[in-house]
1. Could you check the spin-label model distance between residue 57 and residue 83? Points 7 Å from the Cα along Cα→Cβ, value in nm.
2. Helix 85-98 sits at what angle to the longest principal axis of the chain, using alpha carbons and giving 0 to 90 degrees rounded to 10?
3. Looking at the stretch 15-71, which trypsin sites (Lys or Arg not before Pro) are in a loop (DSSP not H, G, I, E or B) and have at most 16 other Cβ atoms within 10 Å?
4. Between helix 3-23 and the chain, what is the angle of the helix's C-alpha long axis to the longest principal axis, kept within 0 to 90° and rounded to the nearest 10?
5. Please list 22-29, 66-73, 94-101, 77-84 highest first by mean number of surrounding beta-carbon atoms within 10 Å per residue.
6. So what is the 222 nm mean residue ellipticity for the chain from helices alone, if each DSSP H run of at least 4 adds -39500 (n - 2.57) and you divide by all residues, rounding to the nearest 500 deg cm²/dmol?
7. How far is it, in nm, from the label point at residue 98 to the one at residue 6 when both lie 7 Å from their Cα along the line to the Cβ?
8. Binning every alpha carbon pair distance of the chain at 5 Å from zero, what are the percents per bin?
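Please treat every number below as a calculation from the coordinates, not as lab data. Predicted, not measured: the structure shown is a model, and the values here were computed from it. In this analysis, Cβ positions are derived from the backbone assuming ideal geometry, glycine residues included, and neighbour counts consider all displayed protein chains.
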Amino acid sequence: MDKQTQTEIEAAAFRRIIKHFQTHTDVQNIDLMNLADFCRNCFSKWYMAEANERSVNIDYDAAREVVYGMPFSEWKGKYQKPATAEQLAAFEAGEKRRKGE
């Protein structure tokens, strides 16, 4: 496979996962973090970092809008639910594991 085709496939796969995240608003970020160790916010940070590495100035809010498909505050108001005690406990356990505690 040539480099251009690889880049096009990778870009299409990225757009597909972003669309999947935007469509499946019932999946909460805390659940993604607990199960996969990444979430929509992680994707936003990665997007911002890669843009900045290429001298494209984009801030976190703008990167979040790309990933969420709307301003984060709007998405949060429409779709984010309060975390349960179980979700928070799993998140804290994951944080300790990631830190090697």
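1. Using points 7 Å along Cα→Cβ, the separation is 3.4 nm.
2. Taking the Cα atoms of the chain, the angle to 85-98 is about 60 degrees.
3. 54
4. 30 degrees
5. Highest mean packing first, the order is 66-73, 22-29, 77-84, 94-101.
6. -23000 deg cm²/dmol, from helical runs alone.
7. About 2.9 nm, to one decimal.
8. P(r) for the chain, in whole percents per bin: 2, 12, 17, 21, 18, 15, 9, 4, 2, 0.
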